[in-house]
Amino acid sequence: MSKPLRIAMAGLGTVGGGVAGLLLNADGELAERASRRLELVAVSARDRAKARAADVSRLEWHDDAVTLAACDADVVVELIGGAEGPARALVEAALKSGKHVVTANKALLAHHGAALAALAEESGVALKFEAAAAGGIPIVKALRESLIAYGIDAVRGILNGTCNYILTQMEATGRSFAAVLAEAQKLGFAEADPALDIGGGDTAHKLALLSSLAFGIVPSLDAIKTEGIAHITPEDIAFAREFGYRIKLLGMARRTPSGLDQRVQPAMVRAGTPLGDVEGVFNAVLADAGAAGPFFFEGRGAGEAPTASAVVSDLVDIARGAVGAAFGRPAARLKTLSGAPPARVSPYYLRFNVLDVPGVLAEIAGRLAEAAVSIESMIQRGRSPGEPVSIVMITHECSESDVARALKVIAGSDKVLAEPCMIPMEAG
Ligand code: HSE
């Protein structure tokens with residue numbers, strides 16, 4: 001067997017603790033699969049005194065994570081997180097000093113992925129990030145290496161377990177977004193500061209990586225339209241169910257005649273389809289691989305074991321000598337996209353909170369007709385005349401910009417009580 005692969009790791013939180021446990025307690029199986037031993041030699045974390053399941057007391061300790069870049073190791077594993085600060089400094093220093101890097105840091109790569117990939121190429125080392133998108137699901141490797149013969153037409157995924165958990169609980173209990181979020185925080189399923197998750201930012205980071213791998217573009221948030229789930233109401237979820245749909249926060253990137261459409265937004269996904277039936281904290285990705293057909297991946301997108309599993313798979317690849325381009329193509333060949341994505345064409349779910357007075361329905365229908373938006377079906381459950389009521393419409397296929405134009409006018413009516421809600425409908 002060749003020399004062990006020497007590993008330095010920054011970050012001993014949930015994922016780092018899991019990776020340390022796997023490496024320190026590895027039996028011969030992992031070494032056999034990697035053709036050499038994976039040896040954890042150095043670590044860095046915020047608090048040296050903290051009690052940990054994995055015994056790291058015999059490893060070289062670094063108070064300053066960035067100094068790991070200069071230690072006697074072949075690979076640096078970065079599990080600090082954040083697009084800047086020590087995570088970026090460590091990864092840059094490690095690549096410059098000729099060390100391979102494995103990271104779970106989606107924010108870092110979504111902002112600086114192309115520059116870091118170029119640094120890795122200059123040094124002839126690997127930059128791997130299976131754990132950065134969809135946790136334990138091997139989607140990075142699938143898009144980088146497996147599904148390349150026919151190209152990718154579209155990648156759509158449920159990439160944030162917190163949002164999927166909240167939406168699933170709202171559906172199961174009929175409770176509001178705020179109530180379910182508060183409970184999820186109490187149970188430790190949602191971060192104390194959940195803004196990145198519920199605002200769609202975390203999904204956008206992951207989508208930027210998947211999109212780069214699938215379509216050969218520079219990872220970037222600039223051309224991803226991003227919307228979160230905080231405005232989704234139990235009423236929307238109940239109406240979705242009536243129409244045979246479920247609301248999911250999707251990260252979507254697809255080729256269209258007007259260019260690459262990349263967006264993160266809540267969508268109505270048909271129930272009984274692979275994406276529509278993904279429950280709770282699970283993640284899933286549907287990749288349309290041209291003539292090779294669609295491929296569906298589902299699994300745990302976060303947590304100790306799934307994420308540690310992804311990190312170790314990258315380490316095994318490196319141990320075997322896999323040093324390909326980080327995003328599947330030379331960094332200099334990745335194309336830069338910017339500006340808003342092309343307007344989407346799809347059927348839309350529209351909900352209007354209005355006063356139940358004569359003419360309100362005609363006014364809404366009229367404004368939609370003026371914008372060339374055609375209605376396919378409609379529900380209005382009347383309560384008492386003059387009281388607030390919801391009008392829900394499903395449109396035929398139409399352009400997002402036409403619907404948005406009509407909604408802007410409708411929102412200005414004195415009979416309309418709140419900002420109208422507009423959600424695209426996905427086939428599944
Ligand atoms: N907070 C993420 C989620 C996991 O809820 O899926 C890490 O990206």
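The values are calculated or read from the model by the stated rules, or taken from the named source; none is laboratory data. Nothing here was measured: the structure is a model prediction, and the numbers come from that model. Methodologically, a virtual Cβ is constructed for each residue, glycine included, from the backbone with ideal geometry; neighbour enumeration extends over all protein chains shown. Just the protein is used for accessible areas: all its heavy atoms, side chains included, with ligands, DNA and RNA removed. Shrake-Rupley method; radii C 1.70, N 1.55, O 1.52, S 1.80 Å.
Being in contact with a helix residue (DSSP H, G or I) (Cβ under 9 Å, 6 or more places away or on another chain) and more than 16 Å from the ligand (Cβ to nearest atom) holds for only one residue in ALA240, ALA230, and it is ALA240. Scanning region 201-227 for residues that are surrounded by fewer than 21 Cβ atoms within 10 Å (Cβ to Cβ) and either within 16 Å of the ligand (Cβ to nearest atom) or assigned to a strand (DSSP E or B) (or both) turns up GLY201, LEU221, LYS225, THR226. Looking across region 44-76, just one residue is out of contact with any strand residue (DSSP E or B) (no Cβ under 8 Å at 6 or more places or on another chain), surrounded by fewer than 19 Cβ atoms within 10 Å (Cβ to Cβ) and under 21 Å from SER97 (Cβ atoms), and that is ALA70. Name the residues in region 370-398 that are surrounded by 12 or more Cβ atoms within 10 Å (Cβ to Cβ) and more than 36 Å from the chain's Cα centre (by Cα), would you? If the condition is that a residue be surrounded by 12 or more Cβ atoms within 10 Å (Cβ to Cβ) and more than 36 Å from the chain's Cα centre (by Cα), then GLU370, PRO388 are the ones that fit.
The single residue among LEU109, LEU167 that is within 16 Å of the ligand (Cβ to nearest atom), under 22 Å from PRO266 (Cβ atoms) and among the aliphatic types (A, V, I, L, M) turns out to be LEU167.
Per-residue answers, yes or no, for (1) modelled with pLDDT under 95; (2) within 14 Å of the ligand (Cβ to nearest atom); (3) more than 27 Å from GLY16 (Cβ to Cβ); (4) open to solvent by 60 Å² or more (accessible area, probe 1.4 Å):
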| site | (1), (2), (3), (4) |
| --- | --- |
| THR256 | yes, no, yes, no |
| VAL264 | no, yes, yes, no |
| ASP277 | no, no, yes, yes |
| VAL285 | no, yes, no, no |
| ASP288 | no, no, yes, no |
| PHE295 | no, no, yes, yes |
| GLY301 | yes, yes, no, no |
| ASP317 | no, no, no, no |
| PHE327 | no, no, no, no |
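At least 1 residues being outside the structural domain of ALA65 (by TED's automatic domain parsing) is the threshold, and among the helices (runs of 4 or more DSSP H) wholly inside region 103-195 those reaching it are 161-173, 177-186.
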